[in-house]
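So the structure is just underneath, and the comments pick up after that.
The values are calculated or read from the model by the stated rules, or taken from the named source; none is laboratory data. This one's a predicted model, so the numbers in the text were calculated from it and none came from an experiment. No Cβ is skipped: glycine too gets one built from the backbone with ideal geometry, and neighbour counts run over all protein chains shown. Note: areas computed on protein heavy atoms with side chains; ligands, DNA, RNA excluded. Shrake-Rupley method; radii C 1.70, N 1.55, O 1.52, S 1.80 Å.
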Amino acid sequence: TFKFLGLLPLALCIWTVIAGAHLTRGDEERGALDLLLGEPVSRARLVGEKILAFALGIILVGALITVFLMLGLASAKLPLDVSGSLLAGVNIILASFVYGALGIFFSQFTRTAGAAAGIAGAYMAVDFLVAGAMRSSNGPEWVSGLTINYYSELSKPIIPTYGTNAGALLVLLAISVVLVAAS
């Protein structure tokens with residue numbers, strides 16, 4: 001579980017932070033935003049379509065991770081848990097989208113997409129460190145509850161004794177919606 005569901009989602013989260021930060025700020029830096037805004041399309045529709053395409057890209061990558069997870073379980077001669085694999089994919093998608101939404105959010109307050117990605121990436125690193133430190137030291141749970149990684153780790157659907165925490169998935173979805181709306 002750690003080898004597959006520890007490092008691959010982390011790589012996806014890094015990509016979503018960078019892509020989210022470049023969603024609008026990157027177009028502005030390249031001068032392409034002026035061309036896009038010159039079209040008879042509202043700003044809200046333009047940003048909405050970019051965010052939708054971004055979300056669809058994350059969903060596609062999450063679906064591929066889910067398929068490879070099922071293939072890995074089958075090749076290891078382990079019982080194939082389709083619903084657990086799908087829920088693991090949903091968890092990865094939601095956690096990745098939260099970090100991407102952070103990149104989008106921070107890009108509204110910086111001059112460059114690189115700065116926004118750096119701030120969101122630093123937040124992600126601190127988030128992982130705090131969640132890991134609280135988990136290994138049995139620290140106060142309220143501190144863990146302030147991290148995105150905490151909610152992502154509450155669901156481990158392919159581990160039969162662990163399962164899925166629907167509330168945690170809803171928290172990840174709510175954080176994403178709030179960050180995108182605020183952006």
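A few notes on this one:
- Segment residue 77..residue 177, full-extension length gain: 32.1 nm, with 0.36 nm per residue of separation and the alpha-carbon distance subtracted.
- Whole-angstrom gap from segment 50-68 to segment 87-163, using each part's C-alpha centre: 17 Å
- With protein chains left intact and a 1.4 Å probe, residues in the chain average 55 Å² of accessible area per residue.
- Taking Cα centre as origin and charging only the Cβ of basic (Lys, Arg, +1) and acidic (Asp, Glu, -1) residues, the dipole magnitude of segment 56-183 rounds to 140 debye.
- Using 0.36 nm per residue and subtracting the Cα-Cα separation, the extra length available between residue 133 and residue 64 on full extension is 21.8 nm.
- Between residue 8 and residue 33, the simple label model (points 7 Å from Cα in the Cβ direction) yields a spacing of 3.5 nm.
- List 106, 54, 128, ordered by accessible area with a 1.4 Å probe, largest first: 128, 106, 54
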